[in-house]
1. Quick check on region 268-350: take the gyration tensor over C-alpha atoms, sort the square-rooted eigenvalues as a ≥ b ≥ c, and tell me if it's rounded (a/c under 1.5), prolate or oblate.
2. Here are labelled values, (i) 19; (ii) 14; (iii) 7, and one is the computed percent of Cα pairs over 50 Å apart for what I pasted. Which one?
3. Label-point separation (nm) for L251 and E135, each offset 7 Å from Cα along Cα-to-Cβ?
4. Heavy-atom accessible area per residue, region 577-637, 1.4 Å probe: how many Å²?
5. Starting from the Cα gyration tensor of region 41-170, take the square roots of the eigenvalues, sort them a ≥ b ≥ c, and report rounded, prolate or oblate (rounded when a/c is under 1.5, otherwise prolate if a/b is larger than b/c, else oblate).
6. Ignoring ligands, DNA and RNA, what percent of the accessible area of region 276-337 is carbon or sulfur (1.4 Å)?
7. Would you please put 335-341, 284-290 in order of how densely packed they are, using the mean number of other Cβ atoms within 10 angstrom per residue and starting with the highest?
8. Determine the shape class of region 149-200: with a ≥ b ≥ c the square roots of the Cα gyration tensor eigenvalues, call it rounded for a/c under 1.5, and otherwise prolate if a/b is greater than b/c, oblate otherwise.
Amino acid sequence: MVQEVKLRSGLTWRSMLAVLYSIGILGAVTIYMGLSGGFFIALAPVYITLILFTEIARLTGRPIRREEAFIIYYVSQSLIFPALIWCGPPSGFIFRAFFKESQIIQMYIDPKTGLALPKAIPDWYAPPIEAHALESRTFLNPYWIMPIAITLLSIILTTIAEIAIALIAAQLYIDVEKLPFPTAPIEASGILTLSERKAKNLRIFSVCCMGALLYSIMLYAVPGVTHSILGVSITSFQVILDANYYLHRVLPGASLAFYLDLYTYAVGMILPKNVVISTLIGSFALYFFGNAIALQLPLEVFKEWQREWVPTMATSLCFQRSVLWIWTSFLLGAGLAVSLITFIRGRKYFITAFKGLSKLSAGAKEAGYLPLWLVLTMFIIGSGGSAILYKMLVPDFPAWILILISVLWPFLSGIVATRAYAETGYSFYVGQLGRAVIVGSGYRGIDAWLAPLYVGGGISIGQATVGSAVSFLGGIKVAYLTGTKPKSFLKAFIIALPLSLLFGFFFTELFWKMAPIPSFVFPATVYSWPFNAIQNSFFMTEIPRIYKPPLIILGFIVMLVLGLVEMVKPIPGFSLMGLLTGFGQPIYVALALFFGWLIGSYLERRLGEDWRRYRPVAIAGIAAGTGLAMFIFAATSMVITAMWPKPY
């Protein structure tokens with residue numbers, strides 16, 4: 001049954017006005033920073049919008065209700081990034097034109113046609129080379145109609161499918177299993193603190209926000225701004241303290257580093273003990289011990305890693321290259337095993353959830369749950385439509401594989417990923433399965449890599465997507481925690497999505513008119529886009545080298561055995577989802593979560609009930625302060641960068 005609490009709609013003209021401000025005005029800053037700095041900011045625009053509109057509403061004598069604050073927070077957060085489909089990699093429209101016209105990828109050959117890669121890229125992906133799309137610097141060109149139309153259709157279909165999965169997962173994990181959702185109280189506390197203005201909550205939030213703001217300015221903003229002005233970063237410490245220089249003298253191949261990002265430690269304070277410990281074990285098993293062992297074993301599957309590794313290689317680079325050559329295969333097998341275990345272990349809950357959706361109560365209907373037949377219809381339309389679209393673009397691709405990967409697998413992976421989020425606060429998608437299926441199908445054309453292949457989790461290989469079942473499920477859970485009707489969240493998202501895409505089009509077009517893209521006016525396009533073009537080309541033509549059947553089988557067997565053992569006799573302090581999450585986390589992130597949990601445990605012993613009550617408020621303040629510091633860095637860099645391209 002749906003939680004029997006009094007829920008109210010947060011969809012009002014005030015909340016939507018704030019959302020438009022966030023995705024419009026602040027979304028432009030996000031696009032600019034993607035082009036200039038190569039990174040994107042999610043939390044800062046959200047908190048800036050929420051603080052601004054709650055203050056304005058208080059001055060007018062009509063404070064923002066918590067339900068309205070939820071809509072402002074969550075819809076703004078969900079729709080900051082859709083605007084990016086117009087510009088940057090890996091599948092933004094301007095990047096596609098750059099990719100197709102780039103001389104860098106001339107060395108790569110399409111295995112199917114034997115043509116150089118630029119000549120083999122279809123016109124439905126990017127305008128033909130003779131259209132000179134980069135020189136024209138506008139989307140108002142007939143050559144752009146097909147690429148844009150295909151992408152927008154793909155976004156609509158995948159969004160429908162992901163919302164359907166989220167509604168099933170909400171019934172399953174919120175109402176039936178009642179899983180903890182450890183990170184949801186953080187977001188809810190930030191919303192409630194800024195909307196209700198309880199004195200003690202606001203004081204704790206403000207102190208933590210200011211502390212995190214000052215700390216993060218020193219960590220991120222000062223080095224970034226000084227680099228923009230002087231060309232050299234001035235900083236007293238690094239974001240990642242790397243110990244590999246010393247570690248590789250005694251244990252070659254292993255990695256060890258420490259993360260100084262405050263928010264990651266804060267998240268560790270609220271995660272369950274078994275999740276944190278299992279995450280740490282998973283990360284160390286692969287990237288400390290696993291990398292070191294793989295460096296020594298004379299096996300063919302480890303040859304690329306052994307060839308690329310060099311002493312003192314940075315932890316982040318060790319993580320990147322070992323994932324590429326070793327652990328992608330292992331993670332694929334591990335993810336498949338956990339998916340199987342999840343369905344075996346939760347079969348009775350699935351039956352209960354489907355029964356609940358079959359006969360909706362009055363409370364469920366009021367909350368916004370849809371009948372089972374309609375949810376399944378939505379999923380079939382979204383996933384089946386995506387498969388049909390892909391088949392139309394790549395007619396020679398095997399149809400039975402499309403049914404497997406774009407219809408059956410998205411549901412399976414979506415249920416597993418949402419459970420991982422509900423249990424650990426982190427999601428895990430077996431995103432590499434789509435690439436592995438393309439390789440295993442025997443189809444060799446690069447058009448298979450460029451068409452929108454929907455594989456679940458909001459992932460559509462070759463195209464941009466908007467939302468995932470995890471993000472929608474998170475929104476539904478936080479809606480309950482703030483007393484908001486989930487259907488008002490979904491309605492607001494659907495209303496604001498086309499506006500976000502429209503704003504993205506307008507501002508990207510404006511920036512493109514200001515200066516060529518890529519160009520030194522937007523530095524990230526100069527130093528990162530060529531790398532991304534080479535990386536994309538490598539994946540399209542050389543990816544069979546990445547997938548190694550022995551490692552896929554090993555990952556599957558390890559996680560299947562652990563899962564079956566845990567089903568028979570639960571292992572104290574162990575979480576299968578936490579272990580899987582750790583397999584995908586760098587060591588410095590896993591250590592930060594662990595140290596954060598240790599600090600939280602100490603504070604809980606010292607402060608008792610007060611810590612348990614105000615912990616989410618403090619962590620929300622840290623999140624806000626960290627996001628605001630990043631925004632200060634982004635805005636300052638934007639101003640500095642805008643000053644130097646003068647007409648003289």
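The values are calculated or read from the model by the stated rules, or taken from the named source; none is laboratory data. It should be emphasised that the depicted structure is a prediction, and the values quoted were computed from it without experimental measurement. With ideal geometry, Cβ positions are generated from the backbone for all residues, glycine too; neighbour counts draw on all protein chains shown. These area figures cover heavy atoms from the full protein model, side chains too; ligands, DNA and RNA do not enter into them. Shrake-Rupley method; radii C 1.70, N 1.55, O 1.52, S 1.80 Å.
1. Here region 268-350 falls in the oblate category.
2. Calculated percent of Cα pairs over 50 Å apart: the matching label is (iii).
3. 5.7
4. 35
5. Because a/c hits 1.5 or more and a/b exceeds b/c, region 41-170 counts as prolate.
6. Result for region 276-337: 71 percent of the exposed heavy-atom area is carbon or sulfur.
7. For the peptides 335-341, 284-290, the packing ranking is 335-341, 284-290.
8. oblate
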